[in-house]
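Colleague: Take this structure first; my questions come after.
The values are calculated or read from the model by the stated rules, or taken from the named source; none is laboratory data. This is a predicted model, so every value here is computed, not measured. Backbone-built Cβ (ideal geometry, glycine too); neighbour counts: all protein chains shown. These area figures cover heavy atoms from the full protein model, side chains too; ligands, DNA and RNA do not enter into them. Shrake-Rupley method; radii C 1.70, N 1.55, O 1.52, S 1.80 Å.
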Amino acid sequence: MTRYVALLRGVNVGGVRLAMADLRRIVTDLGHDDAKTYLQSGNVAFGSSVRDAEKLAAGIERALADELAVTVPVLVRSGRELAAVAGGNPYADREDDPTRLLVAFLRTAPDKSAADALTAPGNENVSFTVTGREVLLHYVDGGYGRSKFTNAYLEKKLGVVATTRNWRSVRALAEMTAG
């Protein structure tokens, strides 16, 4: 049994409403074990014998659409992948405020040319590192809420679906999927 986390994009923050009890029920009804949600923003940790994250994501997406008419992208990471992200943030030792550290999870790794061309908009002081299917972010002069370097900006520039979580959430989800 492998622990995973499903990250739903845009739930309970951008007009798409989803009760976490419904999310837990759907994940459980799909045959996965020990479904636990974190916060109200579409994060669910669960155990599964399925070893294909894309298949897991597609199953959850389909069930949400079929049962609740909720159409949102779902990205899945294993506990091992989440632990690597949580343990490999190059900005973690530079910042005491976890709201200035974020991770954008990408559905697929972006084209190298798109990743190499990525820059912060305007004169924003944002440090970032694109590594595989994640973008590690450090908002030096302020938080994510005042920045134009957003999830939508990353999706447009990198050409892939993304969902962003703050550092506190990343660490909590890594703990929920550990072991």
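Colleague: May I ask for the net charge around ASN123, where only other residues with Cβ less than 15 Å from the Cβ of ASN123 are counted and Lys, Arg are +1 while Asp, Glu are -1?
Modeller: Residues close to ASN123 contribute a combined charge of 0.
Colleague: Still on this model: Around MET176, under 12 Å between beta carbons, what's the net of Lys plus Arg minus Asp minus Glu among the other residues? Don't skip to the end; give the middle numbers.
Modeller: Values: positive: ARG3, LYS36, ARG77, ARG171; negative: ASP34, GLU175.
Here the charged neighbours net out to +2.
Colleague: Run through the DSSP bridge list for the chain and note the antiparallel percent, rounded to the nearest 5.
Modeller: Roughly 95 percent of the DSSP beta bridges within the chain come out antiparallel.
Colleague: Ok, one more. Using only Cα atoms and rounding to the nearest 10 degrees, what angle (0 to 90) does helix 167-176 make with the longest principal axis of the chain?
Modeller: Around 30 degrees separate the two axes.
Colleague: Next question. What chymotrypsin sites (Phe, Trp or Tyr not before Pro) in the stretch 1-56 are in a loop by DSSP, with at most 13 other Cβ atoms within 10 Å of the Cβ?
Modeller: Numbers: sites: TYR4, TYR38, PHE46; in loops: TYR38.
Passing sites in the stretch 1-56 do not exist.
Colleague: If you don't mind, there's one more thing I want to ask. So, with +1 on the Cβ of K and R and -1 on the Cβ of D and E, and no other charges, what is the size of the charge dipole of the stretch 123-179 about its Cα centre, to the nearest 20 debye?
Modeller: On the way: 8 positive and 5 negative charges, 21 e Å.
Roughly 100 debye for the stretch 123-179.
Colleague: To continue, here is another question. In whole percent, how big is the carbon plus sulfur part of the accessible area of the stretch 88-179, probe 1.4 Å, protein atoms only?
Modeller: 45
Colleague: Any idea of the accessible area per residue across the stretch 86-135, 1.4 Å probe, to the nearest Å²?
Modeller: Value returned for the stretch 86-135: 53 Å² of accessible area per residue.
Colleague: Here's something else I'd like to know. Under a crude label model (7 Å from the Cα following the beta-carbon direction), how far is GLU67 from ARG168 in nanometres?
Modeller: 3.0
Colleague: Right, here's the next one. How big is the C-alpha Rg of the stretch 111-151 next to the rule-of-thumb value 2.2 N^0.38 Å, as a ratio?
Modeller: 1.16
Colleague: For the stretch 1-107, would you read off the P(r) tail past 20 Å as a percentage of all alpha carbon pairs?
Modeller: The answer is 40 percent, as a whole percent.
Colleague: Oh, and also: Is there a pair in LYS55/LYS157; LYS36/LYS157; LYS36/LYS148 whose C-alpha atoms are over 30 Å apart, and which pairs would that be? Walk me through the intermediate numbers first.
Modeller: Working: LYS55/LYS157 26 Å; LYS36/LYS157 33 Å; LYS36/LYS148 32 Å.
Violating the 30 Å limit, Cα to Cα: LYS36/LYS157; LYS36/LYS148.
Colleague: Once you charge only the Cβ atoms, +1 for Lys and Arg and -1 for Asp and Glu, what is the size of the charge dipole of the stretch 43-179 about its Cα centre, to the nearest 20 debye? Intermediate results must be reported in sequence, preceding the final value.
Modeller: Numbers: 17 positive and 17 negative charges, 19 e Å.
Taking the Cα centre of the stretch 43-179 as origin, the dipole is about 100 debye.
Colleague: Find, among the trypsin sites (Lys or Arg not before Pro) in the stretch 55-147, those assigned to loop by DSSP (not H, G, I, E, B) with at most 10 other beta-carbon atoms within 10 angstrom.
Modeller: Within the stretch 55-147, no trypsin sites (Lys or Arg not before Pro) qualify (loop, at most 10 other Cβ atoms within 10 Å).
Colleague: On to the next question. Using only the C-alpha atoms of the chain, find the volume of their convex hull and express it per residue in Å³.
Modeller: Details: hull volume 19.7 nm³, N = 179.
Each residue corresponds to 110 Å³ of Cα convex hull volume.
Colleague: Translational diffusion coefficient, Stokes-Einstein: compute it for the stretch 64-158 using the Kirkwood radius over C-alpha pairs as Rh, at 25 °C and 0.890 mPa s, and state it as an integer in µm² s⁻¹.
Modeller: 168
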